[in-house]
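*Asks:* Encoded as structure tokens, here's the structure I'll be asking about.
All of the numbers you see were taken from the coordinates with simple rules; none came from a lab. Not measured: the values here are computed from a predicted model. Cβ atoms come from the backbone with ideal geometry, glycine included; neighbour counts cover every protein chain shown.
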Amino acid sequence: MSTGHSDRQSSTRRVTAPDIRARKGADTPIVALTAYHAHTARLADDHVDLLLVGDSLGMVLYGFGSTVPVTLEQMITHGRVVASAVRHALVVVDMPFGSYEESPAQAFRNAARVLKQTGAGAVKLEGGARMAETIRFLVERGVPVMAHVGLTPQSVNTLGGFFAQGREEEQWPAIRADAQAVAEAGAFCVVLEAMAEPLAREITKECPIPTIGIGASPACDGQILVMEDMLGLNPHPPKFVKAYADLRREIDHAIAAYAEDVRARRFPAPRHTYGMKRKK
Ligand code: KIV
């Protein structure tokens, strides 16, 4: 199991769910990112341990107002292209809203489709104690599960918005119980989303599986961000995002320069143009 960048680059074996599980409490945090397309997944694969084909693609790629409209077919399509592009990282595909909540049997049927049709190594689903029975059912039948507690965006219609969780101590017992329940049910790691730092720290201390934070402080065993957010493509990123590039500006400049060149007939230049073949 690799733990660092150079070690990781020399490795050709795919990271597995048990590899991630074994990183609980390790000195080097787990590095995770979302990916929805082959070309960005290939780039990220050189640097990360885990790539999540998140249902955030509904908002980031498809322009929906939430992740609720995302379909299983969309997740399978993007899961397949990411999994086929990646050589090293563990690929995890999100189960979309409505594809797993009804019963453990429904969850298994759809999770099996995801693993068979994408080549991913695991699925992720949202929910704590209420999903524990389903997580156990899946894990016992060969489906590795990444859990997700704290802010669970698929519940936006009952939550009333995307709010940070655990900022009042009265909320702590339920969220701690959620993390404990998914760990006991057999999840190999758990995403803590948009969570007050002291709570994330407490959960990371007491939970036997790695915690992967997104807006949940450096106390977690690993970190994940939405790739488009950290590349600076989101004009209104959440507070917890650090932009490592300003691709919105870069793309805007590049397209403006292209449009100017075309209008001024500077593009295409002779080097972009085919001549005739010489006759022998
Ligand atoms: O869908 C997603 O991208 C996620 C991450 C934010 C963890 O669930």
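*Asks:* Which of the peptides 87-98, 225-236 is most tightly packed, and how do the rest follow, going by the mean number of other Cβ atoms within 10 Å of each residue?
*Replies:* 87-98, 225-236
*Asks:* Of the listed peptides 176-188, 62-74, 38-50, 248-260, what is their order by residue-averaged count of other C-beta atoms within 10 Å, with the highest listed first?
*Replies:* Highest mean packing first, the order is 176-188, 38-50, 62-74, 248-260.
*Asks:* Treating only the Cβ of Lys, Arg, Asp and Glu as charged (+1, +1, -1, -1), what charge dipole size does the chain show about its Cα centre? Round to the nearest 20 debye.
*Replies:* Roughly 1980 debye, rounded to the nearest 20.
*Asks:* Viscosity 0.692 mPa s, temperature 37 °C: Stokes-Einstein D of segment 146-280 from its Kirkwood Cα radius, in µm² per second?
*Replies:* 181
*Asks:* Sort segment 24-140 into rounded, prolate or oblate with this rule: let a ≥ b ≥ c be the square roots of the eigenvalues of the Cα gyration tensor; rounded if a/c is under 1.5, and if a/c is not under 1.5, prolate when a/b is larger than b/c, oblate otherwise.
*Replies:* It comes out oblate by the Cα gyration axes.
*Asks:* Are any of the pairs K116/K242; K24/K239; K124/K242 more than 32 Å apart by Cα-Cα distance, and if so, which?
*Replies:* Long pairs (Cα-Cα over 32 Å): K116/K242.
*Asks:* Need the C-alpha centroid separation for segment 71-98 versus segment 151-205, integer Å.
*Replies:* That distance is 24 Å.
*Asks:* Could you work out the Kirkwood radius for the chain, taking every pair of different alpha carbons, averaging 1/r and inverting it, reported in Å?
*Replies:* 19.9
*Asks:* Turning to a different aspect of this structure: Please give the calculated 222 nm ellipticity per residue for the chain, where each DSSP H segment of at least 4 residues contributes -39500 (n - 2.57) and the sum is spread over every residue; nearest 500 deg cm²/dmol?
*Replies:* -11000 deg cm²/dmol
*Asks:* How high is the relative contact order of segment 5-248? Use alpha-carbon pairs under 8 Å, at least six apart in sequence, and give a whole percent.
*Replies:* Relative contact order here is 18 percent.
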